[in-house]
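Here the structure is laid out as structure tokens; the discussion comes afterwards.
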Amino acid sequence: INSLGIKELIGRGESYFAGSIPNRVHNIGLGSSLISGAIVKPGEIFSFVKLVGPVNSSQGFKQAYVISSGRTVLDDGGGICQVSSTVFRAALNSGLPILERTAHAYRVGYYEQNGFKPGLDATIWSPAVDLKFKNDTEHHILVQAVHDPANSKLQVDIYGTLDGRKVEISEPVISNVSSAPAPRFQDDPELPKGTTKQVDFAAGGATSIFSRKVFKGDKVIIDDVFKSNYRPWQAVYLVGTKEN
């Protein structure tokens, strides 16, 4: 490993997932194991989707909540974006070029736990939506993940050779804050009468913008801005109409 230039920590990302259902915790652990140990050569591109492969039951992923077609639904792999978001934070802090990153459709509370502001998430949806960064250093880098379910914490470390770059990341500026729409109730003939089931969850809208500058000496080698537009999200309840 040391012969490849993998000898010291160059950046770390952290996120938290307290309150996740067991299937989501399982998927975070599985997703973490699939990216942990990845070695990225100099000049090579890290592709989260390529590395993880199909996010489905054939790989051992279980059903948990995901955003799909404008709804929050149970599907294979819910929680995988906890991993991609944490990799995104690690790549940001390492000063590596971010080539592809997409924000979630709405604010997800997990990514704001422990004081993180909106805008530091990265969704993936295999194969169309990916998270990619480039190893523009002169040495190999190693991506390592530490899944800590006891403390509801995920940590991603990137190791390589420090090359003198310094990273400055601004605090996200939050604007256009809006309340969640009023909840929607819809009849469901499959549910017994008198039963109500929540199937989507309210979230306020917002715009988040932050910038990052990466320096080598006095020279700026990366200067980018990350903008996230989060839609206000409506809670949805199914109301049973099935007669006993």
Margin query: What FRET efficiency comes out for residue 242 versus residue 198 if R0 is 22 angstrom and r is the Cβ-Cβ distance? Round to the nearest 0.05.
Written below: 0.80
Checklist line | Part-to-part distance (alpha-carbon centres) for the stretch 107-131 and the stretch 144-216, which is given in Å | finding: 4
Check: Ignoring ligands, DNA and RNA, how do 130, 136, 223 rank by accessible area with a 1.4 Å probe, largest first?
Finding: 223, 136, 130
Check: Using r as the Cβ-Cβ distance of residue 57 and residue 219, and R0 as 45 Å, what FRET efficiency do you calculate, to the nearest 0.05?
Finding: 0.40
Check: When the accessible area of the chain is computed with all protein chains present and a 1.4 Å probe, what percentage of it is carbon and sulfur?
Finding: 51
Notebook entry, point to check: Roughly how many Å² is the accessible area per residue of the chain, as a whole number, for a 1.4 Å probe?
Noted result: 49
Notebook entry, point to check: With each pseudo-label sitting 7 Å past Cα toward Cβ, what's the residue 113-residue 227 distance in nm, one decimal?
Noted result: 3.1
Margin query: Give me the one-decimal nm value for the distance between modelled label points at residue 191 and residue 178, 7 Å along each residue's Cα-to-Cβ direction.
Written below: 2.6
Next item on the list: Name the long-range amide H neighbours of residue 78: under 5 Å, sequence gap of 5 or more, or other chain; modelled H, no Pro or chain starts.
Entry: 64
Notebook entry, point to check: Given H placed 1.01 Å from N in the peptide plane, which residues other than close sequence neighbours of residue 38 have an amide H under 5 Å from its amide H?
Noted result: 143
Notebook entry, point to check: Considering amide H positions built from the backbone, and no H for Pro or chain starts, which residues 5 or more places from residue 137, or on another chain, come under 5 Å of its amide H?
Noted result: 43
Check: How high is the FRET efficiency between residue 170 and residue 14 when r is their beta carbon distance and R₀ equals 22 Å, given to the nearest 0.05?
Finding: 0.75
Next item on the list: With Kirkwood radius over Cα pairs in Å defined as stated, name the option among (i) 19.2; (ii) 25.3; (iii) 19.8 computed from the structure displayed.
Entry: (i)
Next item on the list: Compute the relative contact order of the chain as a whole-number percentage, counting only Cα pairs closer than 8 Å that sit 6 or more residues apart in sequence.
Entry: 24
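The values are calculated or read from the model by the stated rules, or taken from the named source; none is laboratory data. If you're wondering where the values come from, they're calculated on a predicted model, not measured in any experiment. Every residue, glycine among them, receives a Cβ derived from its backbone with ideal geometry; neighbour counts consider all protein chains shown. When the accessible area is computed, the model is the full protein with side chains, heavy atoms only, and any ligands, DNA or RNA have been set aside. Shrake-Rupley method; radii C 1.70, N 1.55, O 1.52, S 1.80 Å.
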